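Scroll down for the structure; my scribbles are underneath it.
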Amino acid sequence: MTRLFTRESWETGCTIAVEHTAEALHAHVELDGDVAIGPGDQVRVHGAPVRIPFGESITLRRRATVSRAGLVSQWWTKLRAALDLTELYEITFSSEKVR
């Protein structure tokens, strides 16, 4: 019952891979220790923003704070995700032809 509303937080190391090329534009973070991230959990990477010019990629090490969501926050995140997904559907039962 202690994790119903509260967050558990801890610091860990992480590896950041950033690529800004014609083939790819991405930034990936891998946490040390094989930490599983669940619904409502938060990861904050510490340090200055990473900016690289076009055509380059970089891999660096940083510290990150992982905040595990409480049970209510996990449930709320799952519910919102399910409801947000339904916004993608557009179903009509109109007898009119599409012009």
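Please treat every number below as a calculation from the coordinates, not as lab data. Values in this document were obtained by computation on a predicted structure and should not be read as measured data. Neighbour counts are summed over all protein chains in view; Cβ atoms, including those assigned to glycine, are modelled from backbone coordinates with ideal geometry.
Structural remarks
- Restricting segment 1-86 to trypsin sites (Lys or Arg not before Pro) in coil, as DSSP defines it, with at most 11 other Cβ within 10 Å: Arg51
- Projected onto their three principal axes, the Cα atoms of segment 8-86 cover extents of 43, 33, 21 Å, largest first.
- Dipole magnitude of segment 8-86 about its Cα centre (Cβ charges: Lys, Arg +1; Asp, Glu -1), debye to nearest 20: 280 debye
- Antiparallel bridges, percent of DSSP beta bridges restricted to segment 8-86 (to nearest 5): 100 percent
- Cα lying deepest toward the dipole's positive end in segment 8-86, options Val43, Thr59, Leu25, charges on Cβ: Val43
- In this simple spin-label model, placing a label point 7 Å from the Cα along the Cα-to-Cβ direction at both Glu30 and Leu85 gives a separation of 2.8 nm.
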